[in-house]
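The values are calculated or read from the model by the stated rules, or taken from the named source; none is laboratory data. Everything numeric in this text was worked out from a predicted model, so none of it was measured. Cβ placement follows ideal geometry from the backbone for every residue including glycine, while neighbour counts extend to all protein chains displayed. Areas reflect the complete protein model, heavy atoms only, side chains present, ligands, DNA and RNA absent. Shrake-Rupley method; radii C 1.70, N 1.55, O 1.52, S 1.80 Å.
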Amino acid sequence: MQSQRNLVGIVRINETIKQVVSLAFSINLLALNALVLSRQAGDAALGFAVISAELRSFSRELAAAMGAFSATSCELVSLVSLEARKGHKHQLLARALSAYEGPLAARLAVSSAQLAAGEKSLAARFEHLHEHFERAGLSVRLGTIIARSLKIEATYGGSHETMLAQVACEFDRYIETIPRLLAELKHYLPPRALTL
Amino acid sequence: MKKAYTIYQSGDHRWQVIARDPARPNYLIDTNEYLISYQGQSLLTDPGGVEIFPAVFSALSEAGNPEQIKALFASHQDPDIISSLSMWLELNPTLPCYVPWLWAGFIPHFGGNQETFRPIPDEGMNIDLNGLTLTAVPAHFLHSPGNCHLYDARARILFSGDVGAALLPDDYASVFVEDFDRVIKAAAGFHRRWMGSNSAKLDWCERAAKMEIDMLCPQHGAIFRGEDVLRFINWFAELKVGVLALAK
């Protein structure tokens, strides 16, 4: 049952990762647009242009981090399925051999050992997932700070202030969505000490 | 739990049926597994679905030594026939499994590898069980397009897969057909729907009628013996099956 919950959790994690990647793509496009706008605004938006370029590289880093997250998560789908199948087989074997005392009973110990090894390897993969999650969290925190700086820079935009502020708010809206998605994602991660 | 019943014994040559599982969940069809033993080695026919593996194994180990099982025989590819394959291989990874060649690429989805499968050609083949010759008899399209029965000429017993199968009520305790008409009633619908071809059926009936069969052992239901064997073959020959049975 635990592995079944894990499998459902991983599927949801993958879906959430897709949403974050899609946001990173939108941030990238918006940053490109912001760079064009800052060029039109001239000297008054020089700082805005620098921060927009930072946001652009942030979006690329976030997409790459989520890509690595997704790769581990996809690997886990097949591993968890395999372990679930092994677990079910072990249960059937244990039931079959419960009243049997011949030499074939030794296969149950082999099956237990295989199951334990599988659980260990699964726990290691889940630990990777936690590490990816932490990295993504750090990256997003940086993104939030950059987005705030962009809002500040917009106020120096002179006659273009309103337009630049609108763009900065748009960034803020995108970036603020990501921590909520990551919180959802964390909900589906099994606790670190109890991964299976 | 399932129980093993000896239906034939001559010295070291024995047929046992593992049948009647009152404890099985009612959404699973009941199945008969047959253990053919000869001089300390056994072959298990249609070993059953993965969910009933514990029941089959327990019944087998109560009745004998499951270590003596040296081969499996799958009449066709259905899950109630052979989805327990991976469990049997868990106990003995080198156990060979005889299957109609048509399914040799499909059944591995239940488990096994290239070394596991012994494909049976369309025309059938002999299988050696420690000196006893068993013959895989073609029964294609009855009901699967690649389907084989298993004949033991020495015991005069034919394992007939789904041919002769009947969906009997739970209170039918005997492993044998005690009341032909009652069992045939339970078999008619099954045969009309599951047997695909009238010409394949007639061809099988013609061949079976010429064989010396004391017991006809289906994978579901009860075992026909004595005169009931030919009675069944004649009844089956007359029955309209497959698309003909569905035609308005």
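Of all residues in the range B:160-182, which are open to solvent by 70 Å² or more (accessible area, probe 1.4 Å) and more than 20 Å from B:Trp15 (Cβ to Cβ)?
B:Leu167, B:Asp170, B:Asp171, B:Asp179, B:Asp181, B:Arg182 - these are the residues of the range B:160-182 that are open to solvent by 70 Å² or more (accessible area, probe 1.4 Å) and more than 20 Å from B:Trp15 (Cβ to Cβ).
Within the range A:42-93, can you find the residues that are of a type in the set (Gly, Ala, Ser) and closer than 21 Å to A:Glu119 by Cα?
A:Ser70, A:Ala71, A:Ser73, A:Ser78, A:Ser81, A:Ala84, A:Gly87
Of everything in the range B:22-41 that's in a loop (DSSP other than H, G, I, E, B) and open to solvent by less than 10 Å² (accessible area, probe 1.4 Å), which residue is farthest from B:Leu72 (Cα to Cα)?
Ranking the qualifying residues of the range B:22-41, first place goes to B:Thr31.
Scan the range A:173-196 for residues that are crowded, with 17+ Cβ neighbours inside 10 Å and of a type outside the set (A, V, I, L, M, F, W, C) and jot them down.
A:Tyr174, A:Tyr188, A:Pro190, A:Thr195
Kindly check whether there is at least one residue in the range B:159-173 that is of a type outside the set (Gly, Ala, Ser) and touching an Asp or Glu at 6+ places or on another chain (Cβ under 7 Å).
no
Looking at the structure I just gave you, is B:Leu230 open to solvent by 30 Å² or more (accessible area, probe 1.4 Å) and over 24 Å from B:Gln41 (Cβ atoms)?
yes
Keeping to the range A:7-58, report how many residues are open to solvent by 80 Å² or more (accessible area, probe 1.4 Å), under 18 Å from A:Ile178 (Cβ atoms) and out of contact with any Leu (no Cβ under 7 Å at 6 or more places or on another chain).
Residues meeting the conditions: 6.
Give the range B:196-248 a look and list any residue that's in a strand (DSSP E or B) and of a type in the set (Phe, Trp, Tyr), or say none.
B:Phe224
Give the residue, chosen from B:Val56, B:Val50, that is in contact (Cβ under 8 Å) with a residue 60 or more places away in the chain, within 14 Å of chain A (Cβ to nearest Cβ) and of a type outside the set (Gly, Ala, Ser).
The unique qualifying residue is B:Val50.
Among the residues of the range B:71-109, which ones are within 15 Å of the chain's Cα centre (by Cα), part of a loop (DSSP other than H, G, I, E, B) and of a type outside the set (S, T, N, Q)?
B:Ala74, B:His76, B:Asp78
For the range A:85-141, how many residues are touching a residue at least 60 places away in the same chain (Cβ under 8 Å) and within 14 Å of chain B (Cβ to nearest Cβ)?
Total meeting the criteria: 1.
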